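The values are calculated or read from the model by the stated rules, or taken from the named source; none is laboratory data. Given the structure is predicted, the values throughout are model-derived calculations rather than measurements. Cβ placement follows ideal geometry from the backbone for every residue including glycine, while neighbour counts extend to all protein chains displayed. When the accessible area is computed, the model is the full protein with side chains, heavy atoms only, and any ligands, DNA or RNA have been set aside. Shrake-Rupley method; radii C 1.70, N 1.55, O 1.52, S 1.80 Å.
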Amino acid sequence: MLNGSISYWRKQLTSGAITPTELVDEISSAIEKHNPAVNAYISWDKESAKAAAAKADISLPLGGIPIAVKDNICIQGEPTRCASRILDTFRSPYDATAITRLRAAGAIPFGRANMDEFAMGSFGKNSAYGVTDNPAAPGHVPGGSSSGSAAAVAGGMAIAALGSDTGGSIRQPASHCGIVGLKPTYGRVSRYGLVAFASSLDQIGPLTRNVEDAALLLNALCGHDAKDSTSSTEPTADFTAGLGQDIKGVRIGLPKEYLSEGNDPAVAAAVRTAVQKLTELGAEIVEISLPHAEAVVAAYYIIACAEASSNLSRFDGIRYGHRAANTNGLDDLYSRSRAEGFGAEVKRRIILGTYVLSSGFYDAYYAKAQKVRALVAQDFADAFEKVDFILGPVAPTPAPALEGSDMTPLQIYLADIYTIPANLAGLPGISVPCPQPEGARPVGVQLLGKHFAEVDLLRVASALETALS
Amino acid sequence: MAQALIDVAYIAKLAKLDLTPEETASFSADLNQVLNHVAQLEQWDTSEVAPMYHPLPVFDAVREDIPGDSLSNDAAVANAPAAEDGQFRVPKVVESAH
């Protein structure tokens, strides 16, 4: 099992204690040893990683560091299956911009991390390539949809990983696996080459062992990209700049709506512990209200499914992906290729999304949800007049058991209540692990910041991480 | 049982998705539950609110029109389930008149 942060391995590399090729070998051995039980990876290409390692420039900020990549982010020449049968044979003809940027910083993309199919799910159970176990709580789900990214890092099979977050898919698995997960501000990281689920919500971000690693990866990932018209022109920054700085006088809002009695006692306790530590560090805790907090799940699932039904219409069996055999005409080819290729949750969401966009229902559902989204965003704008950051849970419970905890889709969706708001409003959010008693499942707490406030968000997260550990 | 809110079989046709009778029945039950939850959105007054289609303002974001390399023809058809002469093969779409 591989331990150590990016900065640890960078020191090993720059001191000559290990070569990039040896590091790829180490990770490869860890994958071969642990992946059969955990199933964090769908595929990994050791030879291409070793070829990149042989040419690695360790003078670069991430020089020689292998990074696991969620299976919905394109790597040229490698499978990009989105954990879906429909893309079983697909090999990406190009690199996502996030991958181009990682390479430019010296990192080596290595391993395709398992996930919920097309990033639709909260448990990692919706993968056509098998469920993923939680290395930090065996027998429990790793969370989702970046299930494999979180499990690879927590299980010592990756130093750090890329995930994507549409409604909590980085922060929630990070919380369930006891690691750090950062969703950047919408537009910070180019979505070019990220297979689209819900384009107005999707954002790529890091899953890491600590806050510093998240900052180091963000340094590499950020920046405007002409290939993504929604990528921001906001200047990037050195996201490590605030690490280790004090947080005296920082105002942190605690939304009363997030202290629900429905939260698991361990989750409630984690938030209380974080409040206590932040207070000790000199932060001012302010009770706030987000009046539309209970509306977010309803608004989110309408918007996300509507966008998904449109985005996933490209999987038609013509240009790439699975094509059904012996079909009778074009419509039959589309309908049967999609039926054979998509799993149940993806079909369910396509149906919901198509319905809310269909004639006669558009205004009642889709337009209404977009208006409620504006109210949710206004709640945050109002809150950020009074406070600098918002603290809350990541998920209402720790990771459920892999077996025997069947929930209806609605019950699963409702558990996204604390992570969805950041996506609806485009805000940055980070999940920081809160140490638990021996044998207990991991629990994280979440910090949300204003748009593009990642430098300070990481400063507060890092101070909290240090105080908690 | 509450009245069905969604005609899954009809929507599946619109979505070009062949569903089995079992899928149609289970999605209908699941999505009725979801839509009953979604009905709570009606309680919020949005008469004065503009819909928010995007988390940050993006207007007329167009890149410079600079010629550059794009995917080669070979790369573009490399993932096609059926291709011929650098083109995607599809079933016959124009029926002959009877």
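The table below lists the values:
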item: Helix-only [θ]222 nm of chain A, DSSP H runs n ≥ 4, -39500 (n - 2.57) each, per residue, nearest 500; result: -11500 deg cm²/dmol
item: Integer Hz, Karplus 6.51/-1.76/1.60 couplings in order for region A:180-189, x for Gly and Pro; result: 9, x, 10, 9, x, 3, 4, x, 5, 10
item: Unsatisfied cross-links (Cα-Cα over 30 Å) in the set B:K13/B:K92; A:K125/A:K371; A:K227/A:K386; A:K70/B:K16; A:K46/B:K16; result: A:K125/A:K371; A:K227/A:K386; A:K46/B:K16
item: Counted charge near A:A270, where neighbours are those whose Cβ lies closer than 14 Å (Asp, Glu -1; Lys, Arg +1); result: +2
item: Accessible area (Å², per residue) of the protein assembly as shown, counting only protein heavy atoms and a probe of 1.4 Å; result: 39 Å²
item: Chain A: DSSP helices with Cα axial extent of at least 18 Å and average Kyte-Doolittle hydropathy no lower than -0.5; result: A:20-38, A:265-280, A:296-311, A:344-357, A:368-386, A:454-468
item: Candidates per chymotrypsin sites (Phe, Trp or Tyr not before Pro) in region A:1-103, loop by DSSP, up to 10 other Cβ within 10 Å; result: none
item: Label-to-label distance, nm, for residues given as A:T236 and A:D264 (7 Å Cα→Cβ offset); result: 3.6 nm
item: Accessible-area composition of region A:334-398, carbon plus sulfur, in percent [1.4 Å probe]; result: 50 percent
item: Local net charge near A:T240, Cβ-Cβ under 11 Å (Lys/Arg +1, Asp/Glu -1); result: -3
item: Restricting region A:160-249 to trypsin sites (Lys or Arg not before Pro) in coil, as DSSP defines it, with at most 16 other Cβ within 10 Å; result: A:K227, A:K248
item: Given charges at Cβ of Lys, Arg, Asp, Glu: the protein assembly as shown dipole, positive-most of A:I303, A:T327, A:T466; result: A:T466
item: Estimated FRET transfer efficiency when R0 is 60 angstrom, pair A:T466-B:S26 (beta carbons, to 0.05); result: 0.80
item: Only Lys, Arg (+1) and Asp, Glu (-1) charged, at Cβ; the protein assembly as shown dipole about Cα centre in debye; result: 600 debye
item: Computed FRET value (nearest 0.05) for B:R89 with A:I58, which takes r as the C-beta separation and R₀ as 60 Å; result: 0.80
item: Which of B:Y10, A:Y300 is most accessible, then next, and so on - probe 1.4 Å; result: B:Y10, A:Y300
item: Charge context of A:L216, other residues only, Cβ under 14 angstrom, K/R +1, D/E -1; result: 0
item: Exposed GluC sites (Glu not before Pro) absent: longest stretch of chain A, with sites in DSSP loops and at most 16 other Cβ within 10 Å deemed exposed; result: A:1-260
item: Phi to ³J(HN,Hα) by Karplus 6.51 cos²θ - 1.76 cosθ + 1.60 over region A:190-201, Hz, x for Gly, Pro; result: 4, 8, 4, x, 8, 5, 6, 9, 10, 4, 8, 10
item: In region B:13-98, chymotrypsin sites (Phe, Trp or Tyr not before Pro) in a DSSP loop with at most 10 other beta-carbon atoms within 10 Å; result: B:F59
item: Cβ-placed point charges (K, R +1; D, E -1), dipole of region A:162-319 about Cα centre in debye, nearest 20; result: 220 debye
item: Positive-end extreme of charge dipole, the protein assembly as shown - chosen from A:P393, B:A76, A:A51 (charges on Cβ); result: A:A51
item: Relative contact order computed over chain A (Cα-Cα under 8 Å; 6+ residues apart), in percent; result: 18 percent
item: Principal-axis tilt of helix B:21-38 within chain B, Cα atoms, nearest 10 degrees; result: 60 degrees
item: By accessible area with a 1.4 Å probe, ligands and nucleic acids excluded, highest first: order of A:L60, A:L457; result: A:L60, A:L457
item: Net charge dipole size for chain B [Lys, Arg +1 and Asp, Glu -1 on Cβ; Debye, nearest 20]; result: 280 debye
item: Number of partner chain Cβ atoms within 10 Å, mean per residue of B:78-91; result: 4
item: Relative contact order computed over chain B (Cα-Cα under 8 Å; 6+ residues apart), in percent; result: 15 percent
